[in-house]
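Following: one structure in structure tokens, then a few remarks.
The values are calculated or read from the model by the stated rules, or taken from the named source; none is laboratory data. From a predicted model like this one, the values you see are computed outputs, not experimental measurements. For neighbour counting, all protein chains shown are included, and Cβ atoms are generated from backbone atoms with ideal geometry for every residue, glycine included. Surface areas here come from the heavy atoms of the whole protein model, side chains and all, with no ligands, DNA or RNA. Shrake-Rupley method; radii C 1.70, N 1.55, O 1.52, S 1.80 Å.
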Amino acid sequence: MTSVSQSEMLVNPLREGLEVVRSADPCVVVIFGASGDLTKRKLIPALFSLVEQHLIPSAFAVLGVARRPMSHEEFRATQREFIDAERLETEVWKSFESSLFYIPFDFSDASGYQKLTEELQKIDQERGTLNNRLYYLSTPPTAYSEIIKQLGAAHLVAAPGEKYWTRIIIEKPFGHDLESAHALNAGVNAVFNENQVYRIDHYLGKETVQNILVFRFANGIFEPLWNRRYVDHVQITVAETLGVEHRGSYYDGAGAARDMVQNHILQVLSLVAMEPPISLEADTIRDEKSKVLRAIRRIPPQDAFKYSVRAQYGRGFITGETAAAYREEEDVNPQSKTETYAAFKFYIDNWRWAGVPFYVRSGKRLAKRVSEVAIQFKTVPHLLFEQTAADQLEPNVLVLKIQPDEGITLRFGAKLPGQSIHIRWVNMDFRYGASFGVKTPEAYERLIHDCLIGDATLFSRRDTVEQAWNLLMPFLIAWQQSKERELPQYEAGSQGPSEAEALLSAEGRKWRRI
Amino acid sequence: MPPDNSLEKVMTGGSFRVDIASIEDQLRELWKDAATGATAEDESVKPVTRTTVLNLVVFVDSEAAAQEVSALLGDLVEQDPCRAIVITADPKQQGDKMEAWISAHCHRPLPTSKAVCCEQISLRASGNAIRELAASTVPFLLSDLPVFLWWRGPGVFESEIVGKLHGVCDRLIIDSKQFAEPALEFPKLQSFIQATQDRLAVSDMAWHRLRQWRELMAQFFDSPVLFAHLSHIENVVVEFNPRATPGGTVPPQAFLLAGWLASRLGWQLQDSRSTGEGTQFRLKRKHSRTNISILLRPAKAPAELAGHLVSFELSSEKGWSTTFRIARGESPHCAQTEISFGQSPPFRRTVPLPIHTEVELLARQLDIFGHDSIYEEAIAMAARLVDSMK
Ligand SMILES: NC(=O)c1ccc[n+]([C@@H]2O[C@H](COP(=O)([O-])OP(=O)(O)OC[C@H]3O[C@@H](n4cnc5c(N)ncnc54)[C@H](OP(=O)(O)O)[C@@H]3O)[C@@H](O)[C@H]2O)c1
């Protein structure tokens with residue numbers, strides 16, 4: 001196995017009892033697209049923070065690659081932008097900065113990979129990085145296939161059985177549809193083994209998403225209720241108040257379903273719905289998630305509109321200011337039919353979830369920024385108490401809040417003090433921030449560190465990426481084909497399109513207020 | 001009833017005196033006032049949330065120390081909301097008295113969120129009442145939450161209070177850096193750990209201070225290439241900034257670090273001696289005749305590093321001479337790590353090595369449950385090291 005580091009097999013007695021069971025191996029992180037925004041905004045700050053936490057070994061270097069010519073020094077200077085001034089002043093930054101290098105070449109230029117090989121060998125010699133490589137593709141998605149092909153051709157990928165390792169992190173979006181994802185995967189797997197590939201979904205690096213696993217499998221009282229006998233339905237919401245900001249041209253080619261549902265939401269859904277894994281190993285968890293995605297009912301394109309709603313925001317009013325319509329945003333086609341809101345009804349056809357709808361929705365320019373999973377339980381079969389206008393029979397709801405104020409809320413009925421029995425629905429609240437005031441690590445820090453130690457749990461595997469695309473394709477096709485239909489609109493700052501209500505109201509349910 | 005202005009006073013960091021018998025009632029009244037509007041629909045109307053994830057009992061031996069602890073708890077509760085019970089055994093006070101105060105520590109996790117509050121009960125005893133402190137504390141422990149006893153004073157292993165409380169506590173927190181006479185106190189600590197093994201676990205702030213040194217030293221040998229060098233180490237040097245105590249100039253942390261290394265690597269102690277340079281221990285690897293030396297020696301360092309470690313170095317002369325060294329740099333919050341092989345230029349880099357505040361150290365102790373067997377083995381070895389110096 002090329003992906004397993006050798007240090008995993010050696011037991012370092014000095015590590016025993018330390019919180020970090022393994023620090024990263026000596027290695028070079030090669031960032032393709034190093035002159036871009038993501039590198040200076042997220043990647044270099046994450047690596048530096050890992051250095052500050054003693055999680056990066058001394059034999060370590062970053063080698064940036066992009067098109068524009070720059071010297072090592074110039075590259076280093078560009079990477080200071082997102083590091084606080086106070087930290088830049090320290091000897092620690094100076095020492096880290098001296099391990100940053102840069103070489104310019106066009107990704108399609110084979111001779112560039114020759115230069116890359118030489119530079120890497122030089123770094124190995126000077127810094128003892130032992131031929132271990134982590135390639136990070138932080139480039140436009142159109143460049144992925146070319147870089148991967150060229151890395152293969154230049155023999156820059158460790159073969160199985162080598163003493164050193166090669167891993168590759170690929171940024172989202174992973175494909176534009178099933179076909180392109182499939183083609184990209186085929187290209188990746190022609191050069192890399194699947195266990196060398198780390199498809200990043202930074203959403204999974206968030207602490208609270210991992211909390212779902214702990215909440216479900218470390219508590220004995222919820223799991224027995226976590227099934228069709230007790231759960232009426234599940235709602236997963238990712239609502240943003242932001243519009244497309246400066247990402248208009250990317251977003252207009254993607255839309256809400258591709259940008260949020262295909263990756264983040266379906267990943268969260270599979271964590272909520274999966275069976276308990278037999279261990280916490282990467283593949284056992286990913287196997288269970290994959291089973292969920294496979295069990296989600298495929299909807300034929302002709303029924304797509306019965307199970308989905310898409311819409312686009314028009315002008316509106318948000319946080320006290322008027323907001324432009326989507327079609328008026330910068331870099332967006334004024335006739336665009338791209339959805340900025342998507343809602344789906346999914347069924348998971350397995351023993352645990354048969355007949356329980358999973359409603360998911362995601363949209364931009366909605367009333368509030370909220371990410372949450374709400375498990376709505378069935379109501380009691382018979383209400384003993386007199387029903388008055390004030391005593392509506394309500395279900396228990398368990399809400400796992402992911403953003404902005406992470407926590408868990410359980411709603412239940414309590415008797416209002418007084419002579420007669422009146423029920424009031426109250427929330428029992430737990431806030432991570434109130435109980436654990438510790439700063440949670442940035443998602444990128446966690447994910448890069450996991451990759452450096454060879455732990456793929458929080459990364460998407462090929463099969464789940466393709467399953468997710470497969471699931472969405474009928475909808476994307478139906479939406480595409482119905483081009484003649486005017487896209488439903490919703491006002492910026494609202495709860496979303498009225499059409500989305502109909503997805504639930506037919507079954508006597510309604511969306512939670514955002 | 002608490003006085004009318006008590007809520008405001010408590011929410012702004014003040015305390016008020018209460019009758020011990022009515023502490024719980026007073027607290028209940030206080031929080032009821034604070035939560036006025038709690039039944040309102042709109043969440044933001046609720047002014048405070050009370051949160052508690054653990055019980056923290058703190059022992060101090062003077063009123064001044066109690067004040068310091070109260071200030072420190074204000075910072076602590078942001079990370080570890082707890083019910084704090086500060087018990088003061090004040091021998092300077094006249095008479096056999098026990099008095100009680102209640103106060104609160106509040107903060108807002110986000111500017112827009114509700115204030116999160118934790119309560120503090122303070123008990124101060126003098127004269128014969130000191131003997132009742134332990135029994136008076138127990139009723140205020142919240143059930144189902146872990147109990148930490150932080151001993152912030154001398155005489156922990158002889159204390160009657162510890163003897164009475166250890167049945168209800170999960171962990172005892174100490175700071176072995178404060179040991180004035182390591183040669184006496186490490187063996188006592190080791191006996192205490194053994195004697196209370198099945199009831200209570202000990203955690204030590206000094207151990208957490210060493211964590212970064214241990215981490216950095218361990219990191220050298222995570223690399224499969226360098227791992228092999230670990231079994232050839234012959235010389236260990238721990239440098240420290242000397243301190244002046246009746247028990248000598250070597251700070252307890254130096255013994256603890258040496259104890260950790262020797263216990264992890266399975267080295268067996270032969271003997272010790274004082275040299276012109278410092279204190280030297282001779283050890284042996286199992287099944288090997290080669291001697292290993294651990295030298296603890298004083299070194300010059302800035303005043304703010306008083307009693308702290310200055311450097312930690314492992315080396316061997318076999319084959320190539322190799323050295324692995326961590327040394328505090330010019331700036332006290334950084335260290336330089338260095339690997340050198342034979343004549344090649346050493347490879348160096350700078351990493352953070354912050355000096356933790358007491359509250360940071362305390363917060364870390366509250367994250368640990370259960371026994372830390374690595375620490376306990378390090379203590380056993382440190383006890384043997386100091387014993388050999390007699
Ligand atoms: N920015 C974010 O916050 C964010 C968040 C999530 C995901 N992502 C994903 O991360 C990836 C990178 O995003 P980004 O915002 O950093 O993009 P960006 O700012 O546009 O940077 C793209 C980088 O690729 C380089 N590049 C493009 N074509 C090249 C070629 N033919 N040869 C050599 N270099 C080439 C560019 O180099 P030159 O400019 O020097 O030509 C630049 O360094 C994208 O896949 C994006 O979807 C970004």
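Just for region B:273-285: of the residues that are in contact (Cβ under 8 Å) with a residue 24 or more places away in the chain and open to solvent by less than 30 Å² (accessible area, probe 1.4 Å), which one is nearest to the other protein chains (Cβ to nearest Cβ)?
That would be B:F281.
With respect to B:K177, is the statement that it is in the same structural domain as B:A71 (by TED's automatic domain parsing), on the phi < 0 side of the Ramachandran plot and in contact with a helix residue (DSSP H, G or I) (Cβ under 9 Å, 6 or more places away or on another chain) true?
Here the answer is no, as B:K177 does not meet what is asked.
Within the group A:L151, A:L130, A:L178, which residue is at pLDDT below 95 and farther than 27 Å from A:E442 by Cα? Talk me through it step by step, then tell me what you get.
On the way: A:L151 fails: at pLDDT below 95; A:L178 fails: at pLDDT below 95.
Unique residue meeting the criteria: A:L130.
Just to be sure before I move on: is B:L216 at negative phi, away from chain A (no Cβ under 14 Å), in contact (Cβ under 8 Å) with a residue 12 or more places away in the chain and open to solvent by less than 10 Å² (accessible area, probe 1.4 Å) in the structure I sent?
Details: at negative phi: yes; away from chain A (no Cβ under 14 Å): no; in contact (Cβ under 8 Å) with a residue 12 or more places away in the chain: yes; open to solvent by less than 10 Å² (accessible area, probe 1.4 Å): yes.
So B:L216 does not fit the description; no.
Is it fair to say B:T322 is touching a helix residue (DSSP H, G or I) at 6+ places or on another chain (Cβ under 9 Å), away from chain A (no Cβ under 11 Å) and within 21 Å of B:D222 (Cα to Cα)? Show your work before the answer.
Working: touching a helix residue (DSSP H, G or I) at 6+ places or on another chain (Cβ under 9 Å): yes; away from chain A (no Cβ under 11 Å): yes; within 21 Å of B:D222 (Cα to Cα): yes.
Yes: the conditions hold for B:T322.
Given the conditions (1) surrounded by 14 or more Cβ atoms within 10 Å (Cβ to Cβ); (2) of a type in the set (G, A, S); (3) part of a loop (DSSP other than H, G, I, E, B); (4) within 10 Å of the ligand (Cβ to nearest atom), which single one is not true for A:G64?
With (1) surrounded by 14 or more Cβ atoms within 10 Å (Cβ to Cβ); (2) of a type in the set (G, A, S); (3) part of a loop (DSSP other than H, G, I, E, B); (4) within 10 Å of the ligand (Cβ to nearest atom) applied to A:G64, the lone miss is (3).
Select from region B:259-282 the residues that are of a type in the set (D, E) and farther than 11 Å from B:L296 by Cα and list them in ascending order.
First, pick out the residues of region B:259-282 that are of a type in the set (D, E): B:271, B:277.
Result: B:D271, single match.
Only one residue in B:R243, B:R199, B:R209 is more than 10 Å from chain A (Cβ to nearest Cβ), open to solvent by 30 Å² or more (accessible area, probe 1.4 Å) and modelled with pLDDT of 90 or more. Which one?
Exactly one of B:R243, B:R199, B:R209 is more than 10 Å from chain A (Cβ to nearest Cβ), open to solvent by 30 Å² or more (accessible area, probe 1.4 Å) and modelled with pLDDT of 90 or more, namely B:R209.
For (1) surrounded by 19 or more Cβ atoms within 10 Å (Cβ to Cβ); (2) free of Cβ contacts under 8 Å to residues at least 24 places away in the same chain; (3) closer than 30 Å to A:G320 by Cα, each residue gets a yes or a no:
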| site | (1), (2), (3) |
| --- | --- |
| A:N227 | no, no, no |
| A:V234 | yes, no, no |
| A:V238 | yes, no, yes |
| A:T241 | no, no, yes |
| A:V244 | yes, no, yes |
| A:G253 | no, no, yes |
| A:V261 | yes, no, yes |
| A:L266 | yes, no, no |
| A:S270 | yes, no, no |
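So if I check each of A:D455, A:D429, which one is touching a strand residue (DSSP E or B) at 6+ places or on another chain (Cβ under 8 Å), of a type in the set (D, E) and either in a loop (DSSP other than H, G, I, E, B) or surrounded by 16 or more Cβ atoms within 10 Å (Cβ to Cβ) (or both)? So that I can check it myself, show each step before the final result.
On the way: A:D455 fails: touching a strand residue (DSSP E or B) at 6+ places or on another chain (Cβ under 8 Å).
Step by step, each of A:D455, A:D429 is checked, and only A:D429 is touching a strand residue (DSSP E or B) at 6+ places or on another chain (Cβ under 8 Å), of a type in the set (D, E) and either in a loop (DSSP other than H, G, I, E, B) or surrounded by 16 or more Cβ atoms within 10 Å (Cβ to Cβ) (or both).
Based on this model, can you work out whether A:S111 counts as loosely packed, with under 15 Cβ neighbours inside 10 Å and more than 11 Å from the ligand (Cβ to nearest atom)?
Working: loosely packed, with under 15 Cβ neighbours inside 10 Å: yes; more than 11 Å from the ligand (Cβ to nearest atom): yes.
Yes; evaluated as a whole, the condition is true for this residue.
From the residues in region B:48-75 that are touching a Pro at 6+ places or on another chain (Cβ under 9 Å) and more than 14 Å from chain A (Cβ to nearest Cβ), which one is nearest to B:R108 (Cα to Cα)? If you could, list the steps in order and put the result at the bottom.
To start, the set of residues in region B:48-75 that are touching a Pro at 6+ places or on another chain (Cβ under 9 Å) comprises B:50-55, B:61-62.
Restricting the remaining residues to those that are more than 14 Å from chain A (Cβ to nearest Cβ) gives B:55, B:61-62.
Values: B:N55: 21, B:D61: 32, B:S62: 31 Å.
Result: B:N55.
Is at least one residue of region A:76-86 in contact (Cβ under 8 Å) with a residue 40 or more places away in the chain, surrounded by 13 or more Cβ atoms within 10 Å (Cβ to Cβ), within 28 Å of A:L184 (Cβ to Cβ) and more than 14 Å from every other protein chain (Cβ to nearest Cβ)?
No: region A:76-86 contains no residue that is in contact (Cβ under 8 Å) with a residue 40 or more places away in the chain, surrounded by 13 or more Cβ atoms within 10 Å (Cβ to Cβ), within 28 Å of A:L184 (Cβ to Cβ) and more than 14 Å from every other protein chain (Cβ to nearest Cβ).
From the set of residues in region A:97-108 that are over 17 Å from A:I148 (Cβ atoms) and away from every other protein chain (no Cβ under 14 Å), which is farthest from the ligand (Cβ to nearest atom)?
The initial filter retains those residues of region A:97-108 that are over 17 Å from A:I148 (Cβ atoms), namely A:97-104.
Among the residues that remain, those that are also away from every other protein chain (no Cβ under 14 Å) are: A:101-104.
Working: A:F101: 15, A:Y102: 10, A:I103: 11, A:P104: 7 Å.
So, considering only residues that are over 17 Å from A:I148 (Cβ atoms) and away from every other protein chain (no Cβ under 14 Å), the one farthest from the ligand (Cβ to nearest atom) is A:F101.
Return yes when A:Q53 is within 30 Å of B:F369 (Cα to Cα) and either under 29 Å from the mean Cα position of the chain (by Cα) or within 16 Å of the ligand (Cβ to nearest atom) (or both) and no when it is not.
Considered against the rule, which asks whether it is within 30 Å of B:F369 (Cα to Cα) and either under 29 Å from the mean Cα position of the chain (by Cα) or within 16 Å of the ligand (Cβ to nearest atom) (or both), A:Q53 comes out as yes.
Please go through (1) touching a residue at least 40 places away in the same chain (Cβ under 8 Å); (2) more than 13 Å from every other protein chain (Cβ to nearest Cβ) for B:Q270 and return the number of the only condition it doesn't satisfy.
(1)
For region A:40-50, does any single residue satisfy the condition of being within 30 Å of the chain's Cα centre (by Cα), open to solvent by 30 Å² or more (accessible area, probe 1.4 Å), of a type in the set (G, A, S) and more than 14 Å from chain B (Cβ to nearest Cβ)? Steps first, answer last, please.
Taking region A:40-50 as the starting set, the residues that turn out to be within 30 Å of the chain's Cα centre (by Cα) are A:40-50.
Those still in the list that are open to solvent by 30 Å² or more (accessible area, probe 1.4 Å) too: A:40-42.
Still in the list and also of a type in the set (G, A, S): none.
Within region A:40-50 (the criterion being within 30 Å of the chain's Cα centre (by Cα), open to solvent by 30 Å² or more (accessible area, probe 1.4 Å), of a type in the set (G, A, S) and more than 14 Å from chain B (Cβ to nearest Cβ)), the answer is no, since none of the residues qualifies.
Return yes or no: is B:L110 assigned to a loop (DSSP other than H, G, I, E, B), surrounded by fewer than 17 Cβ atoms within 10 Å (Cβ to Cβ), at pLDDT 90 or above and over 17 Å from the mean Cα position of the chain (by Cα)?
Values: assigned to a loop (DSSP other than H, G, I, E, B): yes; surrounded by fewer than 17 Cβ atoms within 10 Å (Cβ to Cβ): yes; at pLDDT 90 or above: no; over 17 Å from the mean Cα position of the chain (by Cα): yes.
Taking the combined requirement at face value, the residue does not satisfy it.
Need pairs with beta-carbon distance below 6 Å; first residue within 13 Å of B:S103 (Cα to Cα) and within region B:1-22, second among the polar types (S, T, N, Q) and at pLDDT below 70; sequence gap 6+ or separate chains.
Filtered contacts from region B:1-22: B:F16/B:S6.
I need the full set of residues from region A:131-144 which are within 14 Å of the ligand (Cβ to nearest atom) and of a type in the set (D, E, K, R), in order please. Show your work before the answer.
Going through region A:131-144, the residues within 14 Å of the ligand (Cβ to nearest atom) turn out to be A:135-144.
Those that are within 14 Å of the ligand (Cβ to nearest atom) and of a type in the set (D, E, K, R): none in region A:131-144.
Criterion first (buried (at least 21 other Cβ atoms within 10 Å of the Cβ) and more than 14 Å from every other protein chain (Cβ to nearest Cβ)) does A:L134 satisfy it? Walk me through it before giving the result.
Working: buried (at least 21 other Cβ atoms within 10 Å of the Cβ): yes; more than 14 Å from every other protein chain (Cβ to nearest Cβ): yes.
Considered against the rule, which asks whether it is buried (at least 21 other Cβ atoms within 10 Å of the Cβ) and more than 14 Å from every other protein chain (Cβ to nearest Cβ), A:L134 comes out as yes.
Name the one entry in B:P346, B:P354 that is surrounded by fewer than 20 Cβ atoms within 10 Å (Cβ to Cβ), closer than 24 Å to A:L55 by Cβ, touching an Asp or Glu at 6+ places or on another chain (Cβ under 8 Å) and not charged (D, E, K, R). Outline the logic, then answer.
Details: B:P354 fails: touching an Asp or Glu at 6+ places or on another chain (Cβ under 8 Å).
B:P346 is the lone residue from the list that is surrounded by fewer than 20 Cβ atoms within 10 Å (Cβ to Cβ), closer than 24 Å to A:L55 by Cβ, touching an Asp or Glu at 6+ places or on another chain (Cβ under 8 Å) and not charged (D, E, K, R).
I'm told B:I374 meets every condition in (1) open to solvent by 30 Å² or more (accessible area, probe 1.4 Å); (2) in contact with a Gly (Cβ under 6 Å, 6 or more places away or on another chain); (3) not acidic (D, E) except one. Can you identify the failing condition by its number?
The one condition B:I374 does not meet is (1).
Mind checking which strands (runs of 3 or more DSSP E) fall wholly inside region B:12-78 and carry at least 1 residues that are modelled with pLDDT of 80 or more? Working first, answer last.
Working: elements: B:15-18, B:48-50, B:54-60.
By residue number, B:15-18, B:54-60.
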